[in-house]
Amino acid sequence: MTKVLGLLLGLLTAIGGFIDIGDLVVEAEVGSRFGLSLAWVVIVGLIGVCIFVQMSGRVTAVSKRATFEIIRERLGPRIGAANLGASFLINLLTLSAEIGGIALSLQLASSVSPFLWIPLAAFAIWLVIWRVKFSVLQNVVPLFGLALVGFGVAVFLLSPDWGALLRQVAQPRVSPDEHVSTYWYFAVSLFGSAMTPYQVTFYSSAAVEEKWSAEQITRSRLNVLMGYPVGALISISIAACAAIVLMPHHVNVSSLTQTVLPVAQVGGVLLLAVVLVGMVAATFGAALESTLASGYTIAQFFGWSWGKFRKPREAARFHLTIIITLLIGIGVLMTGVDPVQVTEIAVVFSAIALPLTYLPILVVANDPSYMGDRVNGRVLNGFAMVYLVIVLVASVAGVPLMIITGAGA
Amino acid sequence: MIKRVIDARLHLLDRQVLDRNGIPISTVADLELTDVPFEQELTGSEPAPVIVNLLSGPVLATRVFGGRPPSSRWYRIPWNAITEIGVAVDLAVEGDTLDVTWVERWIRDRVIGRIPGGSGKRSASDRPDVRAERTEGGDT
Amino acid sequence: MRSRHATALIRACAVLLGATMVLTGCVTTSGGPPGELQRALQRADSAAFTVQVSFRQLQAGRTLPTTAETTCENMLEQAQTAQHDASTVSVDNAAQHVLRARVAQAIAATASLIVSVQDYLAHTSTASAHRLLAQLGSNRRLLAALHRRLGSSP
């Protein structure tokens, strides 16, 4: 019984953990401008993140080495340090976006300025990392993120023309008002928001935090393979809501208020409240993970003692890094920059930097000196190579597309 | 003792160093070798250079940017403290006794240990199964 | 050997950057001044529509007052950005100059209507909700008319 319960819990966690501020912003934006014609990117990103995340978890569980230790070992200090710098900066951007997302979601529920919520949210994140058990942190917060199912409910309540929606998915077409390069820019954005690199760092470090055994890898693989697709469906339903309610009126989504507009339209106060809870939880969970990820990357690169399974004073530099990162995140947001724009930039740069973490993990997953007889199988490698190409193309195309389209303006 | 060929670049450099309790100390940033005669013809009879210390600390920056720090700034981990070289380098000594951990100790005692809950006496994040309560590390 | 690779890389980057520069703005400034004015109008209309819907939701008890207030605040920012964008478009001729003034005026009206809705929500206004919604509707019609007019202008 407890085993079934544990499985269910893991599953629900994976569902809730899939969505973060990137999906809330970019999906609504894409839905309002392109309908569901970019839904295929979510599917591509979903398969990619499943392959990638479970591969990094397996590498860590088998070799007992975390991602960034391996990156430094394989790439040497020079390229390793460049990789660390890029990854850390993007992580910082993502973290700022997530904290901003918490503040904006709380603003929707309270109409209190986000500038008051930002320091409070950051303090709450620190407190949870400082005091709360890893398993609680990893399981309970994303569980509340499950409330985002409200977006799916809203789609049904809107009783849309399903045939038309499916046609948008099956036969992607760029509307005449939009430029083709804008379409591809948002494709890269969505890809980056589905395959956020912090998830990989977090997941592989979690394997160390929770001392995963071979059996637990199988279980976690099951969770990811079953939970993430449901998360992706929720993510697509955010786009569907915007496509049904906002697209016919040519609304350009620029804030979270427009993301929840369709939900209130059909679901009223109750569904709106549920979705707001989900938004706060999802962004808070993602903020926790990306904050920890920034500590993990730095500590692993320099070989410091790290992890929440140690007491804070036994991983002093790790905890100090986390505090400093959070302070920088607050600083970024307090300049008055729009968190929605930070999010848009963060997801694109996530896509651009993907090869930095993807490639070393793929190499090590095939290296018997780390993995013994548990190296990648042939089928997995086949998929992994296809994704290597996709990841590289998205990475190379990211910056030019951003410049050409004026960041999707 | 089983003899094994170790490639310094492949098996030593940038490897994680763990102390006797399995706590990460540092990574191997560089190696210190015994001197070979400098600026003179080698006759072939000189003893081969031997690794005396693993180096860590600011040495890393010079491997990234080039140059060479003064040897007074090297943090050394003596070669004979190593018990095993596998996916990590294991040591026979406590990390707290090594110079290389002074930053960690300083931050622990001056910053993290002073934040309420930092010493972890009642910490909820404590997992007793990981390892037994360690005695308080001495100030330096 | 290495320096040759480096120069090749730098050259490739330069070519790529150059190509990008040539293509730059083909989206953001497409359509010339009328196109830019159209985009400002669309931004303002998005804001007006969002406020309209949110306000109606609140009247019908379908949204939280806090959410409606936040919506007005965010959309006011959007309208102000649109107004700024419109009034800084550099025009090519006198006809465009006239159009720019009318666009900026219409968007200014959007912004001030959103402020009126904010006042209503804060109970500091005597205007009726019905009247505000009607005004928002007619403002959106004006924005749409200007948008059409710009689409047909040379």
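Just so you know, all these numbers are worked out from the coordinates, no wet-lab data involved. Since the structure is predicted, the reported quantities are computational estimates derived from the model, not experimental observations. We place every Cβ from the backbone using ideal geometry, glycine too, and count neighbours over all the protein chains shown.
Which one, A:PHE123, A:SER105, A:VAL59, projects farthest toward the positive side of the charge dipole computed for the range A:11-132 from Cβ point charges (K/R +1, D/E -1)?
Going by the Cα projections, it comes out as A:VAL59.
At a 10 Å Cβ-Cβ cut-off, how would you order B:ARG20, B:ARG110, fewest neighbours first?
B:ARG110, B:ARG20
Using the basic label-point model (7 angstrom from Cα toward the beta carbon), what is the A:TRP40 to A:ARG374 distance in nanometres?
It is 3.7 nm.
Over chain A, what relative contact order in percent results from Cα pairs under 8 Å that are six or more residues apart?
37 percent
What number do you get for the range B:79-122 when its Cα radius of gyration is normalised by 2.2 N^0.38 Å, N = residues?
The range B:79-122 yields a ratio of 1.53.
Provide A:SER110, C:SER54, A:SER37, A:SER220 in ascending order of the number of other Cβ atoms located within 10 Å of each residue's Cβ, fewest first.
By the 10 Å Cβ count, ascending: A:SER110, A:SER220, A:SER37, C:SER54.
Tell me, what is the FRET efficiency for C:HIS97 and C:ARG148 to the nearest 0.05, using R0 = 30 angstrom and their Cβ-Cβ distance as r?
For R0 = 30 Å, the calculated efficiency reads 0.95.
Over all alpha-carbon pairs of the protein assembly as shown, lay out the pair-distance distribution in 10 Å bins, whole %, shortest bin first.
3, 14, 23, 23, 17, 11, 6, 2, 1, 0, 0
Loop-only check: which GluC sites (Glu not before Pro) in the range B:21-69 are DSSP coil with at most 16 other Cβ within 10 angstrom?
Listed in order of number, the matching sites are B:GLU39, B:GLU41.
For a distance above 16 Å, tell me the whole-number percent of Cα pairs in the range A:203-324 that qualify.
Working: 5369 of 7381 pairs.
That tail contains 73 percent of the Cα-Cα pairs.
Ratio of alpha-carbon Rg to the 2.2 N^0.38 Å globular estimate for the range C:83-148, to two decimals, please.
Compared with the compact-globule rule of thumb, the range C:83-148 sits at 1.32.
Using the beta-carbon distance between B:THR62 and A:VAL363 and R0 = 45 Å, what value does 1/(1 + (r/R0)^6) give for FRET efficiency, to the nearest 0.05? Display every interim value, and only then the final one.
Working: r = 27 Å, r/R0 = 0.59.
The computed FRET efficiency comes out at 0.95.
What residue among A:VAL389, A:VAL245, A:VAL253 has the largest mean-square fluctuation in a Gaussian network model of chain A, using Cα springs under 10 Å?
A:VAL389
Please pull out the direction-averaged projected area of the range B:1-106, using the convex hull of its alpha-carbon atoms, in nm² to one decimal place. Could you put the intermediate results ahead of the total?
On the way: hull surface 33.8 nm².
Hull-based average projected area comes out at 8.5 nm².
Which chymotrypsin sites (Phe, Trp or Tyr not before Pro) in the range A:1-75 sit in a loop by DSSP (not H, G, I, E or B) and have at most 14 other Cβ atoms within 10 Å of their own Cβ? Each step should come with its number before you reach the end.
On the way: sites: A:PHE18, A:PHE34, A:TRP40, A:PHE52, A:PHE68; in loops: none.
The qualifying sites: there are none.
Dipole of chain A (Lys/Arg Cβ +1, Asp/Glu Cβ -1, origin at the Cα centre): which of A:VAL386, A:THR297, A:ALA147 lies farthest to the positive side?
A:THR297
So the label point goes 7 Å from the Cα of A:SER159 along Cα→C-beta, right? Which residues of the range A:236-263 then have their backbone N under 20 Å from it?
Correct set: A:240-246, A:248, A:262-263.
Using Cα-only point scatterers and the Debye equation, what is log10 of I(q)/I(0) for the range A:252-409 at each q in 0.13 Å⁻¹, rounded to two decimals?
Summing over Cα pairs of the range A:252-409 leads to -0.98.
Rg (Å, one decimal) plus Dmax (Å, integer) for the alpha carbons of the range C:36-115?
Every Cα atom of the range C:36-115 included, Rg and Dmax give 14.3, 49 Å.
Using a 7 Å offset from the Cα along the Cα-to-Cβ direction at both C:THR88 and C:ASP119, what is the distance between the two label points in nm, to one decimal?
Taking the simple label geometry, C:THR88 and C:ASP119 are separated by 2.9 nm.
Using only the C-alpha atoms of the range A:1-84, find the volume of their convex hull and express it per residue in Å³.
Per residue, the Cα convex hull of the range A:1-84 comes to 149 Å³.
What is the mean number of Cβ atoms from other protein chains located within 10 Å of the Cβ atom of each residue in peptide B:18-27, rounded to a whole number?
Averaged over the peptide's residues, the number is 4.
Mind giving me the FRET efficiency for A:VAL4 and C:GLU73? R0 is 45 Å, r the Cβ-Cβ distance, nearest 0.05 is fine. The partial results should precede the final answer.
Values: r = 47 Å, r/R0 = 1.03.
It comes out at approximately 0.45.
Give me the distance between the Cα centres of the range A:144-214 and the range B:18-94, rounded to whole Å.
48 Å
Work out Dmax and Rg for the range A:1-147 from the C-alpha atoms and quote the Rg first, both in angstrom.
My reading of the Cα-based Rg and Dmax gives 18.2, 51 Å.
Would you compute, from DSSP H runs of 4+ residues alone, the mean residue ellipticity of chain A at 222 nm, taking -39500 (n - 2.57) per run and dividing by the full residue count, rounded to the nearest 500?
Dividing the helical sum by the residues of chain A leaves -28000 deg cm²/dmol.
Within the protein assembly as shown, how many Lys pairs sit with Cα atoms under 15 Å apart, leaving out pairs fewer than 8 places apart on the same chain?
Taking the Cα cut-off of 15 Å, the pair count is 8.
Could you please tell me the mean projected area of the C-alpha convex hull for chain A, averaged over all directions and given in square nanometres to one decimal?
So the mean shadow area of the Cα hull is 19.2 nm².
Can you give the convex hull volume per residue for the Cα atoms of the range A:138-205, as a whole number of Å³? Let's see the in-between values first.
Numbers: hull volume 9.0 nm³, N = 68.
Spelled out: Cα convex hull of the range A:138-205, divided by residues, is 133 Å³.
Along its three principal axes, how long is the range A:101-191 when you only count alpha carbons? Whole Å, largest extent first please.
That gives 51, 29, 28 Å along the principal axes, largest extent first.
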